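S.K.: Can you keep this structure in mind? I'll have questions shortly.
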Amino acid sequence: MAREIPEDEMKVRVDLAACYRLIDHYGMSDLLGTHISARVPGKDDEFLLNPYGVYFEEMTASALLRINMDGEVLDESNYSVNAAGFTIHSAILGGRPDVDCALHTHTVAGMAVGAMEEGLLPMTQTSMQFYKRLAYHDYEGGASREGAEAECARLQEDLGPKDMAMVLRNHGLLTCGATVGDAFRRMKKLEHACEVQMHACAMRGEGQTLRLIDEGVREEIYQVYEKRGSEQGDMGWPGLLRRLDREDPSFRH
């Protein structure tokens, strides 16, 4: 007999399924290669993750797997857990009680910036949102490899107690949030900053010179964001849900 899903958990499931659809809509999916998680309300040791084999464009609220920090699927399902997804998301959610959603991508722009020694450059207004607020984690191999569990502690250490976004060197991007909407907003902004940098660096190869933001201005902007705090809310999230409802509301099922 299927478990009756509590109302608060169902709301998180709907938001998470919507996030999968939006990541695909905005061209940030990678077939079955990435993953997004959300903590089960009231459960520090349980979270929701995509079933391995379901594409982002077809994700639904009921399809999401509920798993514990040992990687056990807690409800009946015909699908298994993505091993790489479990490694990364159990590390982030297990090490940061203030984080309820973690989002990981393998976009071209994100991997390109992750392969640059300088990382994300302070060159646009959008990138300033991440100035001195972006963590980095060196590449250690595929997260589904044997022994990858040992990497969890290093992921937690590199993210630290404060940062809500991370560049996984030679790999991709990761953002966190107190809500699904906040993690998505942060990823959309980080992806945009990486895209601009990728294009600007290509222009540099054609003889153009990169113009970085003045150091004094960087510090002023940094202080503004520090006073504002990590969470900027998700005011735009309801509008994104309305967009999905107009196009295909099946994510709610």
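S.K.: What GluC sites (Glu not before Pro) in region 119-199 are in a loop by DSSP, with at most 14 other Cβ atoms within 10 Å of the Cβ?
M.R.: On the way: sites: Glu140, Glu146, Glu149, Glu151, Glu157, Glu191, Glu195; in loops: Glu140, Glu146.
Filter output for region 119-199: Glu146.
S.K.: What is the extension gain from Met69 to Asp24, computed as 0.36 nm multiplied by their sequence separation minus the C-alpha to C-alpha distance, in nm to one decimal? Working shown, then result.
M.R.: Details: separation 45, 0.36 × 45 = 16.20 nm, distance 2.68 nm.
Answer, rounded to one decimal: 13.5 nm.
S.K.: Also, quick follow-up: So how much slack lies between Ile213 and His253, counting 0.36 nm per residue of separation and subtracting their Cα-Cα distance, in nm? Don't skip to the end; give the middle numbers.
M.R.: Details: separation 40, 0.36 × 40 = 14.40 nm, distance 4.60 nm.
My answer for the length gained is 9.8 nm.
S.K.: Sticking with this one: How big is the dipole moment of the chain about its Cα centre under a simple scheme where the beta carbon of each Lys and Arg is +1, that of each Asp and Glu is -1, and everything else is neutral? Debye, nearest 20, please.
M.R.: Value, rounded to 20: 720 debye.
S.K.: Show that you can apply the helix-only estimate: for the chain, add -39,500 (n - 2.57) for every DSSP H stretch of four or more residues, divide by all residues, and state [θ] at 222 nm to the nearest 500. Don't skip to the end; give the middle numbers.
M.R.: Values: 7 runs with 98 residues, N = 253.
Calculated from helices alone, the mean residue ellipticity at 222 nm is -12500 deg cm²/dmol.
S.K.: Lys132: which aspartates and glutamates have alpha carbons under 18 Å from its alpha carbon, excluding same-chain residues fewer than 8 sequence positions away?
M.R.: Glu117, Glu118, Glu157, Asp158, Asp163, Glu191, Asp214, Glu215, Glu219, Glu220, Glu226, Glu231
S.K.: Give the calculated FRET efficiency between Lys227 and His192 to the nearest 0.05, with a Förster radius of 25 Å applied to their Cβ-Cβ distance.
M.R.: For R0 = 25 Å, the calculated efficiency reads 0.60.
S.K.: Also: Report the Cα centroid-to-centroid distance between region 234-253 and region 168-186 in angstrom, as an integer.
M.R.: 19 Å
S.K.: Along the Cα→Cβ direction, 7 angstrom out, place labels at His199 and Asp138. What is the inter-label distance in nm?
M.R.: Between His199 and Asp138, the label points sit 3.4 nm apart.
S.K.: Defining a contact as two alpha carbons under 8 Å apart and six or more residues distant in sequence, what relative contact order in percent does region 1-122 show? Don't skip to the end; give the middle numbers.
M.R.: On the way: 167 pairs, mean separation 32.5, N = 122.
Computed over region 1-122, the figure is 27 percent.
S.K.: Take every DSSP beta bridge whose two residues both sit in the chain, then give the antiparallel share in percent to the nearest 5. Mind showing how you got there, number by number?
M.R.: Working: 22 of 25 bridges.
Here the antiparallel bridges make up roughly 90 percent for the chain.
The numbers here are math on the coordinates, done by the rules we state, and not lab data. Since we're looking at a predicted model, the values are computed, not measured. Reconstructed Cβ throughout: ideal geometry from the backbone, glycine too, with neighbour counts over all protein chains shown.
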